[in-house]
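Engineer: Let me begin by handing over the structure; questions about it come next.
The values are calculated or read from the model by the stated rules, or taken from the named source; none is laboratory data. These numbers come from a predicted model, not from an experiment. With ideal geometry, Cβ positions are generated from the backbone for all residues, glycine too; neighbour counts draw on all protein chains shown. To get the accessible areas, we keep the full protein, side chains included, count just its heavy atoms, and leave off ligands, DNA and RNA. Shrake-Rupley method; radii C 1.70, N 1.55, O 1.52, S 1.80 Å.
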Amino acid sequence: MNPFLLVIILGIVEGMTEFVPVSSTGHMILVERFINSPLVSKSFMDNFLVIIQFGAILSVVAYFWKDLTPFVKTKEEFKEKFSLWTKIIVGVLPAGVIGLLADDYISEFFMDNTTVVASMLILYGIIFILVERKNLKGKVTSIKQMSYKLAFTIGFFQCLAMIPGTSRSGATIVGSLLLGVSRAAAAEYSFFLAIPTMAGATLLKLLKNGLNFTTLEWQLLIVGSVVSFVVAYVVINWFMGYIKKRTFVAFGVYRIIIGILVLLLMK
């Protein structure tokens, strides 16, 4: 397959799955396994699957710019922004520390294990359905109402997503729901945590690689990132409207179906 067509497909998959609880990394690993290109090395693809997330990060910043922008006019606005960003930083600390320490181990033992990806898709699909069956009523309806302790605790749930197939947004949302956060606030906080988490993961991959990409590889990274930005922006807009009216059960069912199909295709 033409490498540009491959990265466009992966960019679409990244944009469609990064911010909904279905595991973007898991989906991209699976797509890359079944749609391969001899013109792209495995080492590059391992980096690409992480670096491409940068485009999706920018879509969050663009969509929530009014909430995230540091440019304010009043002292009250400054306090609100400072509180928001402090909670984002507090929430990302667990994943930042554990991710830095465990990155090499995770890459070596999990990234190529399709069985792990399929198993995590199924496991968290079941968890989503069970959590929604509890019909939890979130008392915390906005990030503004979150305590720093709650934000930090949610951050530990995000660490579960280091295993491919789990879903960063999925783990964060499940943890938030169990801790009494509403669906909308859980999803929004998940988006905000993605900014430093994914930016850090991208920077780590770039530094480890030493920016030692060929011209073709840089072109592929740029194309993939642009595609993921556009698609992710559309998906975020859709998803924020979806969760105001519906539960996450459909995502749980989808994960289980995809996980089973992957296991069957592996035979």
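Engineer: I need to check one value: relative contact order of region 111-267, counting alpha carbon pairs closer than 8 Å and at least 6 residues apart, in percent.
Structural biologist: This gives 41 percent for region 111-267.
Engineer: May I have the pair-distance distribution P(r) for region 224-267, computed from all Cα-Cα distances with 10 Å bins from 0 and rounded to whole percent?
Structural biologist: With a bin width of 10 Å, the distribution comes to 22, 30, 38, 10.
Engineer: Which angle between 0 and 90 degrees, to the nearest 10, do you get for helix 42-51 versus the longest principal axis of the chain when only C-alpha atoms count?
Structural biologist: On a 0 to 90 degree scale, this one is about 20.
Engineer: Measure nothing but the geometry: give the 0 to 90° angle between the long axis through the Cα atoms of 249-266 and the longest principal axis through the Cα atoms of the chain, rounded to 10°.
Structural biologist: Roughly 20 degrees, rounded to the nearest 10.
Engineer: Compute the length gained on full extension between Met240 and Phe156: take 0.36 nm times their separation in residues and subtract their Cα-Cα distance, giving the result in nm to one decimal.
Structural biologist: 27.9 nm
Engineer: While we're looking at this one, here's another question. Going down the table (Lys66/Lys245; Lys134/Lys245; Lys42/Lys205; Lys81/Lys144; Lys66/Lys139; Lys79/Lys139), which pairs top 19 Å between alpha carbons?
Structural biologist: Lys66/Lys245; Lys66/Lys139; Lys79/Lys139
Engineer: Tilt of helix 183-209 relative to the longest C-alpha principal axis of the chain, in degrees (0 to 90, nearest 10)?
Structural biologist: Helix 183-209 sits at roughly 40 degrees to that axis.
Engineer: While we're on this one: Dividing the convex hull volume of the alpha carbon atoms of the chain by its residue count, what do you get in Å³ per residue? Walk me through the intermediate numbers first.
Structural biologist: Details: hull volume 32.6 nm³, N = 267.
Dividing the Cα hull volume of the chain by its residues yields 122 Å³.
Engineer: Sort Arg168, Arg255, Arg246, Arg183 by heavy-atom solvent-accessible area, probe 1.4 angstrom, most to least.
Structural biologist: The most accessible residue leads, giving Arg246, Arg183, Arg168, Arg255.
Engineer: Run through region 120-152 and list the trypsin sites (Lys or Arg not before Pro) located in a DSSP loop whose Cβ has at most 14 other Cβ atoms within 10 Å.
Structural biologist: Answer by residue number: Lys134, Lys137, Lys139.
Engineer: Report relative contact order for region 3-266 in percent, whole number only (criteria: Cα-Cα under 8 Å, sequence separation at least 6).
Structural biologist: The normalised contact order for region 3-266 reaches 39 percent.
Engineer: Heavy atoms of the protein only, probe of 1.4 Å, neighbouring chains included. What is the accessible area of Met162 in Å², nearest 10?
Structural biologist: The accessible area of Met162 comes to roughly 40 Å².
Engineer: At a 1.4 Å probe, what is the % contribution of carbon and sulfur to the accessible area of the chain?
Structural biologist: That fraction is 69 percent.
Engineer: Give me Rg/Rg_expected for region 112-252, where Rg uses Cα atoms only and Rg_expected = 2.2 N^0.38 Å with N residues. Spell out each step's value before the answer.
Structural biologist: Working: Rg = 16.8 Å, N = 141, 2.2 N^0.38 = 14.4 Å.
Dividing the Cα radius of gyration by 2.2 N^0.38 Å gives 1.17.
Engineer: Here is a further query. Dipole size in debye (nearest 20) for the chain around its Cα centre, Lys and Arg Cβ +1, Asp and Glu Cβ -1?
Structural biologist: 1100
Engineer: Using a cut-off of 14 Å between beta-carbons, work out the net charge of the residues near Pro94 (Lys and Arg +1, Asp and Glu -1, Pro94 not included).
Structural biologist: Its environment carries a net charge of +3.
Engineer: Just the number please: accessible area per residue for region 3-266, 1.4 Å probe, all protein chains included, in Å².
Structural biologist: Details: 12610 Å² over 264 residues.
Here the residues of region 3-266 average 48 Å² of exposed surface.
Engineer: Working out 0.36 nm times the residue gap between Thr86 and Val253, then minus their Cα-Cα distance, what length gain in nm do you get to one decimal?
Structural biologist: Additional length available on full extension: 56.6 nm.
Engineer: Would you mind checking region 143-168 for residues with the amide N under 15 Å from a putative spin-label position 7 Å along Cα→C-beta of Lys134?
Structural biologist: 154, 157
Engineer: If each residue of separation counts as 0.36 nm, what is the full-extension length gain between Thr141 and Thr74 once their alpha-carbon separation is subtracted?
Structural biologist: On the way: separation 67, 0.36 × 67 = 24.12 nm, distance 2.46 nm.
Difference between extended and current length: 21.7 nm.
Engineer: May I ask you to work out the translational diffusion coefficient for region 150-225 at 20 °C, viscosity 1.002 mPa s, via Stokes-Einstein with Rh from the Kirkwood sum over Cα pairs, reported in whole µm²/s? Before the final figure, lay out the partial values.
Structural biologist: Numbers: Rh = 13.9 Å.
For the chosen part, D equals 154 µm²/s.
Engineer: Run the 1.4 Å probe and let me know the accessible area of Leu261, rounded to the nearest 10 Å².
Structural biologist: 90
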